[in-house]
1. Relative to the compact globular guide of 2.2 N^0.38 Å, what is the alpha carbon radius of gyration of region A:121-280, as a ratio?
2. In whole Hz, with x marking every Gly and Pro, tabulate ³J(HN,Hα) for region A:110-127 from phi via Karplus 6.51 cos²θ - 1.76 cosθ + 1.60, θ = phi - 60°.
3. For region A:41-211, calculate the relative contact order in percent as a whole number, restricting contacts to Cα pairs under 8 Å that are 6 or more residues apart.
4. For region A:352-395 and region A:110-172, what is the separation of their C-alpha centers, rounded to whole Å?
5. What is the mean number of Cβ atoms from other protein chains located within 10 Å of the Cβ atom of each residue in peptide B:120-133, rounded to a whole number?
6. List the residues whose amide H sits under 5 Å from the amide H of A:A48, counting only those 5 or more places along or on another chain, with H placed 1.01 Å from N in the peptide plane.
7. Given region A:41-211, what whole percent of its Cα pairs are spread farther than 29 Å?
8. Is there a simple number for the mean count of other chain Cβ atoms within 10 Å of the Cβ of residues in A:86-95, and what is it?
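Every number here is computed from the coordinates shown, using simple stated rules; none is lab data. Note that the coordinates shown come from a computational prediction; the quantities given were computed from them, not determined experimentally. So basically every Cβ, Gly included, is an ideal-geometry build from the backbone, and we count neighbours across all protein chains shown.
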Amino acid sequence: MILRTLLCCTLAGFAWAAPVRAADHAAHRQPAAPVKSVTKSAALAVGAALDARGHLWLARVDKGRLKVSRSEDSGMLSDPVAVTAESEIVVADGENWPKIAVADNGSVHLTWLQGLGKPMAGHIRYARSTDGGRSFAPPVIVNDDRQEISHRFDSLAIDGKGGVAIVWLDARERKDRGVKGSPETQVGLYAALSSDGGARFGPNRKIAGHSCQCCRTGLTWTADGPVAFWRHVYGRNIRDFSIANLKEGALRRVTDDDWLIEACPHHGGGIAADGQGDLHIVWFTQGSRRQGIFYRRVPQGDFLRGVAGTDFALGEPVRLGDPARQAGHPAVVAQGARVLVSWREFDGQHFSAWAMLSTDAGRSWGPAQRLADAAQAADYTVPLIDARRALVVWNTAAEGLRVLPLREGTQ
Amino acid sequence: MKRLLVLWAVFATFCLAGTASVAAAAELRPFSAGSLAAIQAHFAGKPFILTLWSLECHHCAKELQLLGRLVRENRNLPLAIVSTDSPADAQALRAALKRHGLAQLDTWVFADAVPERLRYTIDPAWHGELPRSYLYDATHRREAHSGLLGEARLTAWLKQNGN
């Protein structure tokens, strides 16, 4: 069978591809393409962003260096610019990938996890460019605790007016490592904030203790400031999600799946704020109340402004994807009233990239679209949205990096 | 293809290193698509515990610590331990197994460029959370469990299944 849809054009380093029609699926005859490490999608994980002009920015790892390139014309990529002058372990393996954000003034901001050569140990790194990505200032270590322990799962958000927020999971308070251990995970969500465009960051702040240890975090900027989203631990081992406004600090539980598990799922969720300030979350759970990946609308509320005792009504969870095909690793982005969610499925042999779009701030959804398939190892999907386009960036071992547009106007 | 060749060269070296070591030493074997069937055949008609773990898993060390202690008490504990890391991690895997007193057991490590395929052969309903355990009874009906099993549940199960 011919997979006639892929690769409309293959240019310098990536391909813009049309969506795969369902009937065109399963036509993979490509030879096996190994990844750098046998089991992990090492260095497959990429970061991507659209700037205000609609230019696509990519951050990816190449030979131990983190590099940034951009495309101005939906095709040709600029020559990659190294963010890290020296080689270092830039972890890019699924739940950890380089984050990139581009402000209207042309400043480019990145965070990533620097591996320290032993399991679970890392530093959160930050670097910025103030000349439109032509050069980058030397990276800094964001975590002010410098033990060689777990500081991982960074998220980055900017407000475009000089505000830069970074959150991550941090094990600096972990003391006992024995079998009995502490009733708390001793891992927490930490934050660092800058109000001068990333030139300087304030001291690290602990936002929450007793978080899950190994799930990615999410972060978005709202009218009330940066809001983080992470898998928290309620009681001894219920692993549901929480949000907090980094400026106010109070936690609000936003999922009620009741997933009791004495382990870390390595499978988190994402958050985005729309133009009205409402929040959109996606997540994975195997809780007693629901199992799979889900989307939920979280209306803006006084809670986010730190008004004590106020609450807000959470939207009903919307199931994403096919649980029988291991639908997982969802992500969400929003712009104005447009909300795009994407996820990955696996049928036992091949991965596929899926997405669906809402144009009314998550109140209703267009059909789920199967955008592409992968013959071998695959990164998570990276959704991108602006007023004109809804795209999914997907890096896969056999096919390379693809930029997959959604079909619009079919809702 | 070149990287695949390098990969398998590393892997072959790692297998040879395993067999060339002291005769009594246990092996760290590649876990491939047919490995679960082979493990089940090895334990035909007998109950056993299949434990999946990783170096990157925070809770797995605790699970291995418990299993190591139980193995010291019962050298014939019917146990198949499978790492979801890669053959390239062999050295670190052996060190971790040794640290937990499990070096004398035959164990396995995922060996596939798409590890999700191996995961799927074990259980399509498993999303990769670790540690993951399967408690097989003598007829090989199995109970799946994500997260630490806990000593109480494990010893109760062992007792119930004649160990």
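1. Working: Rg = 16.0 Å, N = 160, 2.2 N^0.38 = 15.1 Å.
Normalised by 2.2 N^0.38 Å, the Cα Rg of region A:121-280 equals 1.06.
2. 9, 10, 7, 9, 8, x, 10, x, 10, x, 6, 9, x, 10, 8, 10, 9, 9
3. Contact order relative to length: 15 percent.
4. 27 Å
5. The per-residue average across the peptide is 4.
6. So A:A48 has HN proximity to A:A59, A:I100.
7. Here the tail beyond 29 Å accounts for 20 percent of pairs.
8. Details: counts 0, 0, 0, 0, 0, 0, 0, 1, 1, 1.
For peptide A:86-95, the averaged partner shielding equals 0.
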